[in-house]
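To keep things clear, I will list the structure first and then write my remarks on it.
The values are calculated or read from the model by the stated rules, or taken from the named source; none is laboratory data. This is a predicted model, so every value here is computed, not measured. Cβ atoms come from the backbone with ideal geometry, glycine included; neighbour counts cover every protein chain shown.
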């Protein structure tokens, strides 16, 4: 049962990260379109958050892979 909870948490991390990435991309696009000379200040926060969200997606994907391998090896042992 804990594998299912772990998988659910990992998938949730992927969804949160992807949602954050979409939000960050929108903020960056809006800043550059609205301000012809978008300052580094206006772009700093969304760019940093974009990197954080990228890392969240990558870490969650690694967790999904590990859970998949663990469940696969359990099935292999029982068969």
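Return the pairs, sorted by first residue and then second, in which the second residue is at pLDDT 95 or above, the first residue lies in segment 13-39 and is loosely packed, with under 11 Cβ neighbours inside 10 Å, the beta carbons are less than 8 Å apart, and the residues are 6+ apart or on different chains.
Close Cβ pairs (under 8 Å, with a partner that is at pLDDT 95 or above) do not exist here.
Write out, first by first residue and then by second, each pair whose Cβ atoms fall under 8 Å of each other, whose residues are 6+ apart or on separate chains, and whose first residue, in segment 56-67, is farther than 11 Å from residue 15 by Cα while the second is modelled with pLDDT under 95 and in a helix (DSSP H, G or I).
What qualifies is 63/6; 64/7; 67/3; 67/6; 67/7.
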